[in-house]
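Scroll down for the structure; my scribbles are underneath it.
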Amino acid sequence: MLLFALSLFAGDIERVSATYEYFSNNPNETPAQAETAAIERAKQKALEDHFGIDVSSVSNTLLLNRAEGDKTQSQTNVFSLGGLSVRGEWIETIKEQVLDKRFVDGFWIVKVHVEGRARNHATEKTDIRFAFVRDVQDIESPVTFRDGNDLFLRFSSPVAGSLCVYLIDEDQNAFCLLPYDNNPSGAQAVEANRDYIFFSDRYERGAQEYTLNCQRSSEQNALYVVFSPNTFSKAHDSQAGTNWRDEQLPRQLSYEAFLRWLAANQKKDPSMVVRTTIISIRK
């Protein structure tokens, strides 16, 4: 459970909450993965209940709700939420609580309660486009990676701005993938209408390159893409050590400290865009 609160700086930030019961249909889903899915669905429900749903997204949202609420329905991707179908955005988490967790007929049923602070969409967000891929020639963004796969980021924005990218592992560590360690500005500047391929020295001279590793049989990572047309700098991280393979890790900070940084920046900058992608890494 993550529990923290920050003072409010903007008047349109409101407290929201929801209780949600998640039914897994994936026999390979671990307890931690089921809890993560339940928490994300609860946040989505809290936003929908408080701020409502955009009319243009009703059909997609109804399809998502049918998959959530009906045990017999399949779900193609339990993490494809993103908050894009609702009128609000999640700013910070106050409380996450697992109320019940059961293993029934080979599947997990998890009931959770979340409380947080969120904001109505007061401004139009920049329409950024991105995909995390394992091959720069592959335009698809896979949900599952294999141990040893390279990681690349394809990114474009219609306006110039600043960009940061973080990876969160299952041990609650937040690793800064972008900007690179040798960038003194603390943020990656991006130009308008330019197609970028990050994490590849072939396309970007001096780029840091990343390989995904999996110590367990299966792990999940969250990838945060943070963009703003306004200037901002990355969180206050520090040089990390090496992994179990004695490979150098990117700069890091705790997940809680990262969320504090993110919430503070979102409050100050309504134009900030935050997108999250959940990936699985398997042996």
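Per-structure values
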quantity	calculated
Contacts under 8 angstrom Cβ, first residue in segment 106-122 being of a type in the set (F, W, Y) and modelled with pLDDT of 90 or more, partner surrounded by 17 or more Cβ atoms within 10 Å (Cβ to Cβ) and in a strand (DSSP E or B), 6 or more apart	W108/Y22
Segment 241-272: number of residues that are modelled with pLDDT under 90, part of a strand (DSSP E or B) and within 27 Å of A131 (Cβ to Cβ)	1
All positions within segment 189-206 that are at pLDDT 90 or above and either small (G, A, S) or out of contact with any strand residue (DSSP E or B) (no Cβ under 8 Å at 6 or more places or on another chain) (or both)	A189, E191, A192, S200
Of all residues in segment 154-189 being over 20 Å from W261 (Cβ atoms) and among the aliphatic types (A, V, I, L, M), the one that is surrounded by the fewest Cβ atoms within 10 Å (Cβ to Cβ)	A160
Some residue of segment 236-245 being among the charged types (D, E, K, R), free of Cβ contacts under 8 Å to residues at least 24 places away in the same chain and surrounded by fewer than 14 Cβ atoms within 10 Å (Cβ to Cβ)	no
Strands (runs of 3 or more DSSP E) fully within segment 148-238 counting 1 or more residues that are closer than 22 Å to I278 by Cα, within 15 Å of the chain's Cα centre (by Cα) and assigned by TED's automatic domain parsing to the domain that holds Q137	150-156, 161-168, 173-178, 218-228
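The values are calculated or read from the model by the stated rules, or taken from the named source; none is laboratory data. Just so it is clear, the model here is predicted, and its values are computed rather than measured. As a convention, Cβ positions derive from the backbone with ideal geometry for all residues, glycine included, and neighbour counts pool all protein chains shown.
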